[in-house]
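Q: I'd like to ask some things about the structure below.
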Amino acid sequence: MRVRYFPVAAFAVLIVAIQLATHVTDSAYHLTQLTMTAYYSLLIVGLCMLIGYAGQISLGHAGFFAIGGYLTAFLTTRNLAPHQGKAVVSLLSKSGMLVSRPDIYGGDLLTVHPLLSCMAAVLLAVVIAYLVGGPVLKLKGHYLAMATLGFGIIIYRIALGTEFLGAADGISDVPGFPLALGLEITGKSSLRVLNYYLAWGLVILGMVLLLNLIHSRVGRALASIHGAEDAAEAVGIPTARYKLNVFVLSAAFASLAGVFLTHYNGGIGPSEASVMKSVRYVAIVAVGGMANLWGSLSMSLILNYLSLRGYFGTFDDAVFGIILIVIMLFAPDGLLRRHLFSDLKRLVSRNAADETAP
Amino acid sequence: MTLLSVREVSKRFGGLQAINGLSFDVARGSIKALIGPNGAGKTTLFNLISGVLEPDSGEIVFGGAAVQEMSSHQIASLGMVRTFQHIRLFPKMTVLENVMVGRHVHSRAGFIAGMLNLPFTWKEERRIREKSLEILEMLGIADHARTEASSLAYGQQRVVEIGRALACEPKLLLLDEPAAGLNMRETNDMGGRIAKIRDMGVTILLVEHDMSLVMKISDEVVVLSYGEKIAEDRPLAIQKNREVIRVYLGDDGC
C-alpha cells in the first residue's frame, strides 16, 4: 500500500462516519445534500487538476457540467415512441439501448437508456472541450479566463433560450440511472443511504485516478508547465498537447458530474450553467489550496454542503464571490497550500527564536 | 564530423536585422563558444537554433535533419537541449523532481497509464528516479535532492538546470551564459563541469561573456557583431584577431 492511498482510506472512514452520525441523530435528510455535494465535488477535483496542477484557469466549467446534464436529461425524457418506424430508433431498440416506462399520465414512454445517454453526454463534452480548448489554451492568464468565461456564457444563453431544453424551466422528470448490480442513481428517499455511498464511492474512484495521475510522469509534466512553460518545452514536453489533454480531462469530469447529478435530482435547470456556478467552482479550488486535491475536496464538501442546506441564504453567490476576492488578495496560492504546515511551523519557530533573542 | 550546421540563417525583428546570413558548423564532441558584444544577436541565435523562434530564411541542420521549422519540444526530443540565460527552474518542485522532468522524452507513460497506475509505469518511475539521482551525484548536488529548487543558491540553481538538461541525454547541449551571476570560484567549477560533460560525449555550444572561461574550455570560438559572423577560429587566434579587438575595444585599441 502506497502512502498516497492512506488519505483515501481516511476519507472513506469520514464518509462512513458522517452517514453513521446522521443515522444516530435521526437526520438522514442531510444525506440528500451531501449526495449532491459529492457530484459537485467530482467536478471540483477535475477542475483542481486543470487550475492547480497545470496552472490553466477556466471560468466555463459550469458549461461542461450543463452540457453533460442537459444532454442526458434531453435524451432520457424525449419520447421516441412516435418515431418507432425510423431506422435509427429501431436499431437502438434492437440493441437494447431504449427503455420503456410509463409517463405521469399513464401513457407509454420510449426513451434512450441512461447508459447510452451518459456516454453520449460525456462524448459531446469531450468533443466540445477539444474544439474550444485548442484555440483558447493558446491564451494565458486574464485572456484565458475571459475566453473560458465567454464559453460559459454562451452555454448558459443556449440553455436559457432553447425551447426543447425547457428554456428557463429546464428539463424535469429525468429517470434514475440504473448501474450494474441493482444499483441506481436516483433521488428516491428509500435509496437515499445507498445513493450517498454510491456518489462518494464515485468521488473516491475519481480521486484515486487523479492522485495516480499527479504522481506519474504526466503529473510532473503538468506541474512543470505550471512552473515554467518555456523550460518544460525545452526539455521535450509538448506543452500545448498536455494543456489540451488536461482541459479535456477536467471537462469529462465536469460532464460526468452533470450527468450523475441530473439523474439524482431528476432534472436540470439553466442555473446549473450560470457563470456564478463557474465562479463558485474556481473559488472552491482556490480556497482549497490550488494544487491540492485533498484541500479542494474537503472545501467542496464543506462549502457545497453549507450552500445546499441554505446556510448562506440569499447571499449564496455573494459568499463565493467574496471568498474568491479574499483568497486572491491575501493568499493567491490558496488557503490550504501543500506546504501550509511547514510554513506555519517555520513561522512559529521564528517567533520562538525572536523571544529567546536578547 | 558535423553535428549542427547553421546555414545562411537570417532573422529580422521589424526594422532590426538581428541575424544576417549567418553560417557555422559545430563538430561532434567539441565545445564551441559564441561571443560578441551586447546586442550582437547571440540569444536570438540560440532561440533560432532551439526552435523558440523560426528563421526568416536559411537552414538549421541537426544530426542530418532540418530542424528550423520544428517546435522546441520536437527539437529537444531529437537530442538538442538548452538552458536559459535567466534560470528557468520549476520553482515549487524539488531538485530531484526538476531533473526527473528532464527524463520526459525517455519515458512513455501517458494520461491513461498514469491514471490507472499501470505496472509498467512503476518500473519506469524507478528508472527515472535512479537515473536522475545518478546525474545529481555526477554534478555533486545529490545532497540537495529533496530541497525545493527555488530555495537553492543561485550558482546551485544553474547546476540543477544543467542537470535537468543532461537528464534528456542530449547529443548537443546549448548553454546560454552558464557563468552569468557566478563568482570566480563558481565559474571555475562550472568550467570543470562543462569539460566533464564534453568528455562524456556531449557536444556543447555555449554563449558566454566570461572570456577567461571561454578561452579555457572552448575548442573553437565564433564572434558575432550586429548579427554577422566576423571571426571563427581557435581561442588563441581569436585573441589576436584585429577585427575582434576592434569590435570589443573600439578603433582606438588598434
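Q: Using the crude model of +1 on Lys and Arg Cβ and -1 on Asp and Glu Cβ, and no other charge, please compute the dipole size for the protein assembly as shown relative to its Cα centre, in debye to 20.
A: Using Cβ point charges on Lys, Arg, Asp and Glu, the protein assembly as shown gives about 980 debye.
Q: Separate question: Using only Cα atoms, what is the ratio of the radius of gyration of the stretch B:131-180 to 2.2 N^0.38 Å?
A: For the stretch B:131-180, the normalised Cα radius of gyration comes out at 1.11.
Q: Something else about it: Computed from the mean reciprocal separation of all distinct C-alpha pairs, what Kirkwood hydrodynamic radius does the stretch A:3-352 have, in Å?
A: 21.2
Q: Could I ask something else about it? So what's the net charge close to residue B:57: Lys and Arg +1, Asp and Glu -1, counting the other residues with Cβ under 13 Å from its Cβ?
A: Summing Lys and Arg as +1 and Asp and Glu as -1 gives -2.
Q: Something else: Going by average Cβ density within 10 Å per residue, which order do the peptides B:66-77, B:231-242 take, highest to lowest?
A: Packing proxy ranking, top to bottom: B:66-77, B:231-242.
Q: Taking just the alpha carbons, could you work out the radius of gyration and Dmax for the stretch B:90-169, both in angstroms?
A: 12.9, 39
Q: Over every pair of different alpha-carbon atoms in the stretch A:255-320, take the mean of 1/r and invert it; report that Kirkwood radius in Å.
A: 12.7
Q: If you don't mind, there's one more thing I want to ask. Compute from the Cα atoms of the protein assembly as shown the Rg and the Dmax, the latter being the longest Cα-Cα distance, and quote both in angstrom.
A: When restricted to the Cα atoms of the protein assembly as shown, Rg and Dmax are 29.5, 105 Å.
Q: For residue A:185, enumerate residues with amide H under 5 Å from its amide H, sequence gap 5+ or separate chain, H modeled in the peptide plane.
A: Placed amide hydrogens put A:177, A:179 under 5 Å from residue A:185.
Q: When the Kirkwood radius is taken over all Cα pairs of the stretch B:121-254, what Stokes-Einstein diffusion coefficient follows at 10 °C and 1.306 mPa s, in µm²/s?
A: 94
Q: Here's something else I'd like to know. For the stretch A:151-213 and the stretch A:257-297, what is the separation of their C-alpha centers, rounded to whole Å?
A: 12
Q: Let me ask something else. If neighbour count is taken as other Cβ atoms inside 10 Å, put A:250, A:93, A:307, A:255 in order from fewest to most.
A: Final ranking by Cβ density, sparse to dense: A:93, A:307, A:250, A:255.
Q: What's the center-to-center distance, using Cα atoms, between the stretch B:181-254 and the stretch B:70-112 in Å?
A: 27
Q: As a test of the definition: which semi-axes, in Å, follow for the stretch A:9-71 when you take the square root of five times each eigenvalue of its alpha carbon gyration tensor? Largest first, please.
A: 29, 16, 7
Q: Once you have the Kirkwood Rh of the stretch B:188-254 from its Cα pairs, apply Stokes-Einstein at 20 °C and 1.002 mPa s and quote D in µm²/s.
A: Answer, rounded: 164 µm²/s.
Q: Convex hull over the Cα atoms of the stretch A:37-134, averaged projected area in nm²?
A: It is 8.4 nm².
Q: So how tilted is helix A:316-330 from the main axis of chain A? Cα-based, degrees 0 to 90, rounded to 10.
A: That helix lies at roughly 30 degrees to the long axis.
Q: Can you give the local net charge around residue B:169? Use residues other than it whose beta-carbon is closer than 13 angstrom to its beta-carbon, Lys and Arg +1, Asp and Glu -1.
A: Details: positive: B:103, B:127, B:131, B:164, B:171; negative: B:134.
Cβ neighbours under 13 Å give a net charge of +4.
Q: I need the phi-derived Karplus couplings for the stretch B:56-73: 6.51 cos²θ - 1.76 cosθ + 1.60, θ = phi - 60°, integer Hz, Gly and Pro marked x.
A: Rounded to whole hertz, the list is 5, 8, x, 9, 10, 10, 10, x, x, 10, 6, 10, 5, 9, 7, 7, 3, 5.
Q: I need A:208, A:136, A:3 ordered by Cβ neighbour count within 10 Å, fewest first. Walk me through the intermediate numbers first.
A: Working: A:208 16, A:136 22, A:3 7.
In increasing order of surrounding Cβ atoms, one gets A:3, A:208, A:136.
Q: Greater than 28 Å separation of Cα atoms is the criterion. Which listed pairs, B:171/B:229; B:92/B:216; A:138/B:196, meet it?
A: The answer is B:92/B:216; A:138/B:196.
Q: Let me ask something additional. Per-residue HN-Hα couplings for the stretch B:74-87, Karplus 6.51 cos²θ - 1.76 cosθ + 1.60 at θ = phi - 60°, whole Hz, x for Gly and Pro?
A: Listing the rounded values in order: 5, 5, 4, 6, 7, x, 10, 10, 10, 10, 10, 4, 9, 3 Hz.
Q: Over the Cα atoms of chain B, Rg to Rh with Kirkwood Rh, two decimal places? The partial results should precede the final answer.
A: Details: Rg = 19.1 Å, Rh = 19.2 Å.
Rg/Rh: 1.00.
Q: A follow-up question, please. What ranking do A:48, A:118 get, fewest neighbouring Cβ atoms within 10 angstrom at the top?
A: Details: A:48 32, A:118 25.
Taking fewest neighbouring Cβ atoms as first place, the list is A:118, A:48.
Q: From the phi of every residue in the stretch B:237-243, what ³J(HN,Hα) in whole Hz does the Karplus formula 6.51 cos²θ - 1.76 cosθ + 1.60 yield, where θ is phi - 60° and glycine or proline is x?
A: The phi angles translate into 5, 4, 4, 9, 5, 5, 5 Hz.
Q: Something else: Let me know the charge dipole size of the stretch A:52-210 about its Cα centre in debye, to the nearest 20, where only the beta-carbon of Lys, Arg (+1) and Asp, Glu (-1) is charged.
A: The dipole of the stretch A:52-210 has a size of about 360 debye.
Q: Give the long-range amide H neighbours of residue B:18: residues separated by 5 or more places, or on another chain, with amide H under 5 Å away, using H modelled in the peptide plane at 1.01 Å from N.
A: Amide H neighbours of residue B:18: B:11, B:12, B:13.
Q: Choose one answer from A:227, A:52, A:176: the residue with the largest mean-square fluctuation in a GNM of chain A with alpha-carbon springs under 10 Å.
A: Per the Cα network of chain A with a 10 Å cutoff, A:227 tops the list.
Q: Just to confirm a number: summing +1 for Lys and Arg and -1 for Asp and Glu over residues other than residue B:207 whose beta-carbon lies under 9 angstrom from that of residue B:207, what do you get?
A: On the way: positive: B:42; negative: B:176, B:177, B:208.
Taking every Cβ under 9 Å from that of residue B:207, the sum is -2.
Q: What number, rounded to the nearest 500 deg cm²/dmol, is the helix-based mean residue ellipticity at 222 nm of chain A, given -39500 (n - 2.57) per DSSP H run of at least four residues and division by all its residues?
A: -22000 deg cm²/dmol
Q: Now, a different point. Relative to 2.2 N^0.38 Å, what does the C-alpha radius of gyration of the stretch B:1-107 come to as a ratio? Two decimals please.
A: The value comes to 1.16.
Q: Any idea what Rg and Dmax come out to for the stretch A:202-267 if you just take the C-alpha atoms, in Å?
A: My reading of the Cα-based Rg and Dmax gives 15.1, 50 Å.
No value in this document is a laboratory result; all are computed from the given coordinates. Small disclaimer: the values here were computed from a predicted structure and weren't measured. A quick note on method: Cβ atoms are made from the backbone with ideal geometry, for glycine too, and the neighbour counts reach across all protein chains shown.
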